[in-house]
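In what follows, a structure is listed as structure tokens, so that the remarks can point back to it.
The values are calculated or read from the model by the stated rules, or taken from the named source; none is laboratory data. Quick caveat, the model's predicted, so the values are computed rather than measured. Ideal geometry is used to build each Cβ from the backbone, glycine not excepted, and the neighbour counts take in all protein chains shown. Quick note on the areas: whole protein, heavy atoms, side chains included, nothing else; ligands and nucleic acids left out. Shrake-Rupley method; radii C 1.70, N 1.55, O 1.52, S 1.80 Å.
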Amino acid sequence: MATQSSPDGPIIREHPIPTSGSKPYIITLGPDNNLWFCESGASKIGRLSPKDGTITEFSLPTPDSQPVGIITGGDGNLWFAEYSGHQIGRMTLDGRITEFSLPTPDAGPNGIILGPDGNVWFSETDIGRIGRITPEGLVTEFAEGITPGSKPLAITVAGNDLWFSEAAGNQIGKITVEGVVSEYPAPSPESGPRAIITGSDGKLWFVESVGNAISRMDLQGRAVAFPLPRPGASPRGIALAPNGELWITENAVNLVARMNLRGEILAEYGLPTEGSGPRAILVIPDGRVFFSQHDAGQIGEIIPAR
């Protein structure tokens, strides 16, 4: 485990994943207070203990399934999207896995979230749909109202609705639990919206991976972009901290940054491993920040200075 620190700055740790070429992606906090993450390159689900950094890996039944998104369901299990396996997986905390096929072939499920109705909702990136799966495994797909070829990606909950980024459509979509879709333009041309969350202000915050900005959208679809100071930073992940601040990953420049709700960058932190490819990010209740280092096969950790 690599550790980097400075007298007035945070402590940065890197936790190597045992399997080579693991390509970690989305991270979630499980009901057991462990961190669970997808290993998109190894077809595994990983578990990291925030107490001691121990990593345990669980192989998926389907080889080359490329798990990407993961979330805790209302049933207390982990639910994950297998992008290349075209399945939704369910995993108990002791590692028992069930996989559910999707009605439409080659759907490419990606982002995943627990919906306000208690079901799990997910994007079907390759066919331009949003899916819903019940705790029993019944799947429904919604296509009407979504721009063809828009590639819905990340998904979040705001109010009583689900909101999703359209990576190729330059839009943010909203879908009600009844399946009614609305779409709103991103504030920048060719923005490439990806990760999306709901901020402490109740508004949507999302990264523009191509537009090189962090954007905010209210629930009426009015949006504003905050350009990042470093050209070509390629932001990929965004997370809400307990104090209301935002943390983002800047993939192309190997940085993790902290931002306030006025869209101002408060600090940037370089990572010990060069070219580590920081992607998804998560802040746990004690304020520690965890992020996937996709290209280095590691999970990064930042302990902010007190």
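Table: residues versus (1) assigned to a strand (DSSP E or B); (2) within 20 Å of the chain's Cα centre (by Cα); (3) under 30 Å from residue 300 (Cα atoms).
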residue: 148; (1), (2), (3): no, no, no
residue: 172; (1), (2), (3): yes, yes, yes
residue: 178; (1), (2), (3): no, no, no
residue: 202; (1), (2), (3): no, yes, yes
residue: 221; (1), (2), (3): no, no, no
residue: 238; (1), (2), (3): yes, yes, yes
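Counting only residues that are closer than 16 Å to residue 178 by Cβ and not in a loop (DSSP other than H, G, I, E, B), how many does region 137-146 have?
3
Looking only at region 258-298, count how many residues are assigned to a strand (DSSP E or B) and in contact with a Lys or Arg (Cβ under 9 Å, 6 or more places away or on another chain).
Residues that pass the stated criteria total 13.
Listed residues 145, 85; which is touching a strand residue (DSSP E or B) at 6+ places or on another chain (Cβ under 8 Å), within 24 Å of residue 37 (Cβ to Cβ) and not charged (D, E, K, R)?
Just one listed residue meets the conditions, 85.
Is it the case that residue 216 is part of a strand (DSSP E or B), in contact with a strand residue (DSSP E or B) (Cβ under 8 Å, 6 or more places away or on another chain), in contact (Cβ under 8 Å) with a residue 24 or more places away in the chain and more than 22 Å from residue 28 (Cα to Cα)?
For residue 216, the condition - part of a strand (DSSP E or B), in contact with a strand residue (DSSP E or B) (Cβ under 8 Å, 6 or more places away or on another chain), in contact (Cβ under 8 Å) with a residue 24 or more places away in the chain and more than 22 Å from residue 28 (Cα to Cα) - is met.
Can you pull out the residues in region 18-36 that are within 17 Å of residue 83 (Cβ to Cβ) and over 17 Å from the mean Cα position of the chain (by Cα)?
Once the filter is applied, which keeps residues that are within 17 Å of residue 83 (Cβ to Cβ) and over 17 Å from the mean Cα position of the chain (by Cα), region 18-36 yields only 21.
If you go through region 108-126 one residue at a time, do you hit one that is open to solvent by 40 Å² or more (accessible area, probe 1.4 Å), touching a Gly at 6+ places or on another chain (Cβ under 9 Å), acidic (Asp, Glu) and closer than 21 Å to residue 47 by Cβ?
No, region 108-126 contains no residue that is open to solvent by 40 Å² or more (accessible area, probe 1.4 Å), touching a Gly at 6+ places or on another chain (Cβ under 9 Å), acidic (Asp, Glu) and closer than 21 Å to residue 47 by Cβ.
To keep it simple, each residue is scored yes or no on (1) farther than 30 Å from residue 218 by Cα; (2) open to solvent by less than 30 Å² (accessible area, probe 1.4 Å); (3) hydrophobic (A, V, I, L, M, F, W, C).
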residue: 248; (1), (2), (3): no, yes, yes
residue: 255; (1), (2), (3): no, yes, yes
residue: 262; (1), (2), (3): no, no, no
residue: 289; (1), (2), (3): no, yes, yes
residue: 301; (1), (2), (3): yes, yes, no
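Looking at region 63-86, is at least one residue of a type in the set (S, T, N, Q) and more than 18 Å from the chain's Cα centre (by Cα)?
Scanning region 63-86 turns up no residue that is of a type in the set (S, T, N, Q) and more than 18 Å from the chain's Cα centre (by Cα).
Where in region 37-98 are the strands (runs of 3 or more DSSP E), entirely inside, with at least 2 residues that are within 25 Å of residue 126 (Cβ to Cβ) and modelled with pLDDT of 95 or more?
Qualifying strands (runs of 3 or more DSSP E): 44-48, 67-72, 78-82, 87-91.
Answer yes if at least one residue in region 205-225 is over 13 Å from residue 158 (Cβ atoms), surrounded by fewer than 23 Cβ atoms within 10 Å (Cβ to Cβ) and at pLDDT below 95, and no otherwise.
Within region 205-225 (the criterion being over 13 Å from residue 158 (Cβ atoms), surrounded by fewer than 23 Cβ atoms within 10 Å (Cβ to Cβ) and at pLDDT below 95), the answer is no, since none of the residues qualifies.
Inspect region 31-48 for any residue being out of contact with any Gly (no Cβ under 9 Å at 6 or more places or on another chain), open to solvent by less than 20 Å² (accessible area, probe 1.4 Å) and either without any contact (Cβ under 8 Å) to a residue 12 or more places away in the chain or under 23 Å from residue 287 (Cβ atoms) (or both) and give the result as yes or no.
yes
In region 118-136, how many are out of contact with any Phe, Trp or Tyr (no Cβ under 7 Å at 6 or more places or on another chain) and part of a strand (DSSP E or B)?
Qualifying residue count for the region: 3.
Can you find a residue that is more than 18 Å from the chain's Cα centre (by Cα) and either surrounded by 20 or more Cβ atoms within 10 Å (Cβ to Cβ) or outside any loop (DSSP other than H, G, I, E, B) (or both) anywhere in region 188-200?
So far as region 188-200 goes, no, none of its residues is more than 18 Å from the chain's Cα centre (by Cα) and either surrounded by 20 or more Cβ atoms within 10 Å (Cβ to Cβ) or outside any loop (DSSP other than H, G, I, E, B) (or both).
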